[in-house]
């Protein structure tokens, strides 16, 4: 009789949790990243049931009496035992949850279009994203590229010499975890922004051409005539000197000092040309 009384008393106590209420039948998925949602089924679960992952005890979100959801915490990569906990009572069954470190994610590239010829201070792309721990680096077309780590959400690509066209960028974190590739474009089309007279000599003067994407192998067309980079040209043709990516100097030998309209175009290797630029000069 005493035995039956103690059984009745235990069942009537508020903290007594039937083990069937903590029965855990399935967990999905079992391989996850921090921040992912995991679904647990079994029960019926008490409303204030907790979930234990390793040493972490977390709140669960009830969906139905037989289903709970859980947000995976930020913990080191590894395998963790997952079980339920209610008023000090643990579920009789547990599952192994494999938590992996999230791979890097690229959100944005600034800029996503770069010129083939850039001054050193502009030869960079800012990579914004998530999961860039210290020690992360950048691959361009699968090859290591110089980079500068800024923070867990930012890393800078120091652009190496690249040919024109589309290239693929990836962030690689310690442990060989790689982001999905993100494309950027290298543009080799030259542009003339301005042209104006420079140094004036007895029989020649300079025309300073300012713009962008001027390569060391660029040539200049003046009214359709090629002005190559050579000092041995006849004086009536002129000559071209490459200063940097943004500056060309055209030495002109005029037969008259009367101004006239000429059309300038810069041509890069491969035949890509700037828009015509009109200028009135002797």
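The values are calculated or read from the model by the stated rules, or taken from the named source; none is laboratory data. The structure presented is a predicted model; accordingly, all values stated were derived computationally and were not measured. Neighbour counts run over all protein chains shown; Cβ positions are idealised from the backbone, glycine included.
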*Scan region 126-144 residue by residue and report those that are within 23 Å of residue 269 (Cβ to Cβ) and touching a residue at least 24 places away in the same chain (Cβ under 8 Å).*
140, 141
_Enumeration of residues in region 260-282 that are within 21 Å of residue 193 (Cβ to Cβ) and more than 46 Å from the chain's Cα centre (by Cα)_ = 261, 281
*Cβ-Cβ under 6 Å pairs, at least 6 apart or on other chains, region 154-175 side free of Cβ contacts under 8 Å to residues at least 12 places away in the same chain, far side surrounded by fewer than 17 Cβ atoms within 10 Å (Cβ to Cβ) and outside any strand (DSSP E or B)*: none
*Residue by residue through region 72-81, note down the ones that are in a strand (DSSP E or B) and either surrounded by 14 or more Cβ atoms within 10 Å (Cβ to Cβ) or outside the structural domain of residue 42 (by TED's automatic domain parsing) (or both).*
80
*Which of the residues spanning region 82-108 are at pLDDT 90 or above, outside any strand (DSSP E or B) and under 17 Å from residue 154 (Cβ atoms)?*
103, 104
*Scan region 10-59 residue by residue and report those that are under 12 Å from residue 91 (Cα atoms), modelled with pLDDT under 90 and surrounded by 11 or more Cβ atoms within 10 Å (Cβ to Cβ).*
17, 18, 19, 21, 22, 23, 43
*Scan region 101-122 and give yes if some residue there is surrounded by fewer than 17 Cβ atoms within 10 Å (Cβ to Cβ) and under 27 Å from residue 53 (Cβ atoms), otherwise no.*
yes
*Residues within region 131-184 that are touching a strand residue (DSSP E or B) at 6+ places or on another chain (Cβ under 9 Å), exposed (fewer than 11 other Cβ atoms within 10 Å of the Cβ) and either assigned by TED's automatic domain parsing to the domain that holds residue 272 or outside any strand (DSSP E or B) (or both), tallied*: 4
*Considering region 53-71 alone, what residues qualify as being assigned to a strand (DSSP E or B), without any contact (Cβ under 8 Å) to a residue 40 or more places away in the chain, under 25 Å from residue 103 (Cα atoms) and more than 32 Å from the chain's Cα centre (by Cα)?*
56, 58
_Residues of region 90-121 satisfying the condition of being farther than 26 Å from residue 36 by Cα and either in contact (Cβ under 8 Å) with a residue 12 or more places away in the chain or assigned by TED's automatic domain parsing to the domain that holds residue 242 (or both)_ = 110, 111, 112, 113, 114, 115, 116, 117, 118, 119
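Can you confirm whether residue 126 is assigned by TED's automatic domain parsing to the domain that holds residue 161, in a strand (DSSP E or B) and surrounded by fewer than 19 Cβ atoms within 10 Å (Cβ to Cβ)?
For residue 126, the condition - assigned by TED's automatic domain parsing to the domain that holds residue 161, in a strand (DSSP E or B) and surrounded by fewer than 19 Cβ atoms within 10 Å (Cβ to Cβ) - is met.
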*asked:* Being assigned by TED's automatic domain parsing to the domain that holds residue 267 and either out of contact with any helix residue (DSSP H, G or I) (no Cβ under 7 Å at 6 or more places or on another chain) or outside any strand (DSSP E or B) (or both) is the requirement here; does residue 199 meet it?
replied: yes
